[in-house]
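Chemist: Structure below; questions to follow.
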Amino acid sequence: MPKSLSNKHRKTLLDIWKIPPLTNLKWTRVEALIKSAGGKIEQGNGSRVRFIIDGRVGRFHTPHKNGINTDKGAISSLRKYLTDCGITPDSTNPEE
């Protein structure tokens, strides 16, 4: 788990925790956050994708509408997955 994230990735993390969930969170930002947290991204069949952080696997579908905006259900699942990985807004500090 990263102790600090860049301001850009920390904003993405905070956006994932917003209630109600955002409807315009770009999937590319989510993938960049996973990579910055030391995770790997494996492409599955079709729109399936696996995120792997510290051996924990999360299975997701990339957005279908041009792969741009992440839907509310996926954001909720991302929140749970990141929490299980120990990555929450409270567990990371902004870069100094």
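The values are calculated or read from the model by the stated rules, or taken from the named source; none is laboratory data. It should be emphasised that the depicted structure is a prediction, and the values quoted were computed from it without experimental measurement. Here the Cβ is made from the backbone with ideal geometry for all residues, glycine too, and neighbour counts use every protein chain on show.
Chemist: Looking at (1) under 23 Å from Asn7 (Cα atoms); (2) touching a residue at least 24 places away in the same chain (Cβ under 8 Å); (3) among the charged types (D, E, K, R), which one does Arg56 not meet, given that it meets all the others?
Modeler: (1)
Chemist: Does the range 61-83 hold any residues that are under 20 Å from Pro20 (Cα atoms) and not polar (S, T, N, Q), and which are they? Can you show your working first?
Modeler: If we filter the range 61-83 for residues that are under 20 Å from Pro20 (Cα atoms), which is where we start, we get 63, 68-83.
Within the range 61-83, Pro63, Ile68, Asp71, Lys72, Gly73, Ala74, Ile75, Leu78, Arg79, Lys80, Tyr81, Leu82 qualify.
Chemist: So if I check each of Gly38, Gly67, which one is at pLDDT below 90 and of a type outside the set (S, T, N, Q)?
Modeler: Of Gly38, Gly67, the one residue that is at pLDDT below 90 and of a type outside the set (S, T, N, Q) is Gly67.
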